[in-house]
1. What pairs can you find where one residue is in the range B:190-214 and of a type in the set (A, V, I, L, M, F, W, C), the other is in a loop (DSSP other than H, G, I, E, B) and more than 16 Å from ligand 2 (Cβ to nearest atom), and their Cβ atoms are less than 8 Å apart, with a gap of 6+ or different chains?
2. From the list A:A464, A:A443, which residue is within 11 Å of chain B (Cβ to nearest Cβ) and in contact with a helix residue (DSSP H, G or I) (Cβ under 7 Å, 6 or more places away or on another chain)?
3. Under 18 Å from the mean Cα position of the chain (by Cα), acidic (D, E) and either modelled with pLDDT of 80 or more or outside any strand (DSSP E or B) (or both), is that true of A:E255?
4. Any residue in the range B:29-50 that is away from ligand 1 (no atom under 16 Å from the Cβ), of a type in the set (V, I, T) and modelled with pLDDT of 95 or more?
5. Conditions: (1) within 16 Å of ligand 1 (Cβ to nearest atom); (2) without any contact (Cβ under 8 Å) to a residue 12 or more places away in the chain. B:S10 meets all but one. Number of the miss?
6. Is it true that A:K351 is farther than 18 Å from A:V73 by Cβ and outside any strand (DSSP E or B)?
7. Kindly indicate whether B:G228 is more than 23 Å from B:P164 (Cα to Cα), open to solvent by 20 Å² or more (accessible area, probe 1.4 Å) and small (G, A, S).
8. Would it be correct to say that A:N386 is in a loop (DSSP other than H, G, I, E, B) and either modelled with pLDDT of 95 or more or touching a helix residue (DSSP H, G or I) at 6+ places or on another chain (Cβ under 9 Å) (or both)?
Amino acid sequence: MSTATETVEELANQEYKYGFVTDVETDSIPIGLNEDVVRLISSKKEEPEWLLEWRLNAFRVWLKMSEPEWHNVHYDPIDYQSISYYAAPKKQIKLDSLDDVDPEIRATFDKLGISLDEQKRLSGVAVDAVFDSVSVATTFKDTLANLGIIFCSFSEAVREHPDLVRKYLGSVVPHSDNFFAALNSAVFSDGSFAYIPKGVKCPMELSTYFRINAANTGQFERTLLIADEGAEVSYLEGCTAPQRDENQLHAAVVELVALDDATIKYSTVQNWYPGDENGKGGIFNFVTKRGKAFANAKVTWTQVETGSAITWKYPSCILQGDNSVGEFYSVAVTNNCQEADTGTKMVHLGKNTRSTIISKGISAGRGQNTYRGLVRIGKGATGARNFSQCDSLLIGDRCGAHTFPYLEVKNTTSQVEHEASTSKIGEDQIFYCRQRGLSTEDAVNLIVNGFCKEVFRELPMEFAVEAQKLLGVSLEGSVG
Amino acid sequence: MLEIRDLHASAGDRQILKGINLTVNAGEVHAIMGPNGSGKSTLAGVLAGRDGLEVTGGTVTFKGQDLLDLEPEERAREGVFLAFQYPVEIPGVNNAYLLKAGLNEVRKHRGEPELDAMDFMTLIRERMALLQMDDTLLSRPVNEGFSGGEKKRNEIFQMAVLEPTLAILDETDSGLDIDALKTVAGGVNALRSPDRSMVVVTHYQRLLNYIVPDFVHVLSGGRIVKSGGKELALELEAKGYGWIETEPATASV
Ligand SMILES: Nc1ncnc2c1ncn2[C@@H]1O[C@H](COP(=O)(O)OP(=O)(O)OP(=O)(O)O)[C@@H](O)[C@H]1O
Ligand SMILES: [Mg+2]
């Protein structure tokens, strides 16, 4: 192999910078899963009866389901009985002041560059930080409250806004949806909840940082976002995770409800620990994300997936109402032994519904990157349109890119377009850049960044910067 | 400026350069001609540090330092510029952006402040005028979908912005129409200066009517087999290479 390729691989193999474990006492329940565990979780969280019933229903459905095998990822069987399904920081933390947050936890956020203080002062981003499944800090509540916006942990929403939770929980991702969603529904620990009232434009990006910490604790986040009629909200989710040896299971569910004329923009930068260069110790990330768009509503998913050993994730849109719009912009990076099977589902039900899919897969090392997308045009979706573009970029000779676009069209007035390409970062491209004075690293960044441009463009500024850090990419300037 | 001594280089198991000797002083323009496959691009590639070319013997000194010891980007920052025979396309990467990044690397290396977007635009507007570059080429991805001639013009435009001390132009004339050839040659001539040297690889005397060289060399079979003044190019145009290839490799400057 030539030296250019080696350097490129070296770059791709840069060690995970955010691997460290914070020393906070954790209150875990014994490993294993049965009805008693589900009850215990629910009682620890002091949940109402209906929610316990909902969890138990999910658990019973889950017992009858088996793990999906259709995906293009490979991992050792997960022993669901060897996982602890709940962990909360032991010290009780008041939610209303940052000063009350455990200093250890604060330090962790600082290491990650997520100083809440700074965020509070400078960025205008309200942060609901999730640390080991329990929210430990919430900011900007007052500003939001004045507009009638609810933004809190899922547990708090269950306590304070049970009617909203009860009405919408499972309305987009039913508890029986799939194996991992059912598991989540049974044992979910916490997550975020947001409600934007009618006609309100949320004045700031709502933001959550997730983090796995306690050893051996699966992470089961549950997020529910509701934008009432004519409301608008942009939501950011990002994470980094500490380095460790055992595989960690992460099975989150995110539900978005965009009522008539509402707009929800959901952006993710995902940086779970990917495992070492042999794939040891990385996070298994099985996520169900789905949004439902009612009449004239719009749901946009933007994701930058750089972490996890295994990624299984298909942020989807149910375009229920007439003229509703669904968008999916994705950058997925796999290197070393990482495997990603990701994509989207666009289900067109309403008339004149439109969807756009832009997927950019980058594979390096021995990484395997699969795009799997479904565009379904229902019988009633007269005049529906979809445009899909799936591009793959390969770095080196040992990685792979795979594309599986599925199409189900039941209405002949619809229009569906699909474009796909696979390219490789060529040594001659890197040499060309170096001949103009750029280092190999900058050259690769430049090329990768150029490749992802259409997706990065969709990210809110703060996140574009984060994505840029994660990919080690310097953003293309405004020149030209 | 540039001192090449007994340079041997191979690609794979193939020996391509078999003892090149060449001295280029500051301000000089040297033309290198020679049949297809004789090693001209290989020589250019070795000077620029292209991967996959192995130097098996000899030395190259550039401004007093061992050029072969430097990484390609270090050579570029030291002022070595290669106008490629086949400029590569880089989809997604903005032409102006790459150039700005490169220029700022060069400036950093020289201890000059980086140019901001405004100053950069001012500079490139001026250089674009020099080469009558089409504006739109600037905002397009590097070389993507450029016509053959546009690619060549873009190379010389980059050279005009980067202001190298040693410019190696590998068949910049091929692909240019007659008017473009004049424009590009005019741009190159405008860049001639007492402290800038050029090595111009070409097959045609025509280019040398515009860029008049101080010396002409014939590269054949991996060696410089004949050197002379600008009139050598005319002779080659008239007689081809046949008559010298048989001659022993004695000449060097
Ligand atoms: N990587 C390689 N592996 C094997 N042979 C190579 C390699 N690179 C170049 N060569 C060979 O070396 C010889 C010299 O190539 P080079 O490109 O330097 O020729 P040139 O003088 O520039 O020719 P032209 O006038 O056609 O541009 C050619 O025969 C070419 O096929
Ligand atoms: Mg050549």
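The values are calculated or read from the model by the stated rules, or taken from the named source; none is laboratory data. Quick caveat: nothing in here was measured; it's all calculated off a predicted structure. Glycine also receives a Cβ, built like all others from the backbone with ideal geometry; neighbour counts cover every protein chain displayed. Protein only, heavy atoms only, side chains kept; ligands, DNA and RNA dropped before computing areas. Shrake-Rupley method; radii C 1.70, N 1.55, O 1.52, S 1.80 Å.
1. Close Cβ pairs (under 8 Å, with a partner that is in a loop (DSSP other than H, G, I, E, B) and more than 16 Å from ligand 2 (Cβ to nearest atom)) amount to B:L191/B:E163; B:M198/B:E28; B:M198/B:R192; B:M198/B:I211; B:V200/B:I211; B:V200/B:P213; B:L208/B:K230; B:V212/B:K230.
2. Among A:A464, A:A443, only A:A443 is within 11 Å of chain B (Cβ to nearest Cβ) and in contact with a helix residue (DSSP H, G or I) (Cβ under 7 Å, 6 or more places away or on another chain).
3. Yes: the conditions hold for A:E255.
4. Yes: the range B:29-50 contains one or more residues that are away from ligand 1 (no atom under 16 Å from the Cβ), of a type in the set (V, I, T) and modelled with pLDDT of 95 or more.
5. For B:S10, the failing item is (2).
6. Yes, satisfied.
7. So B:G228 passes the test.
8. no
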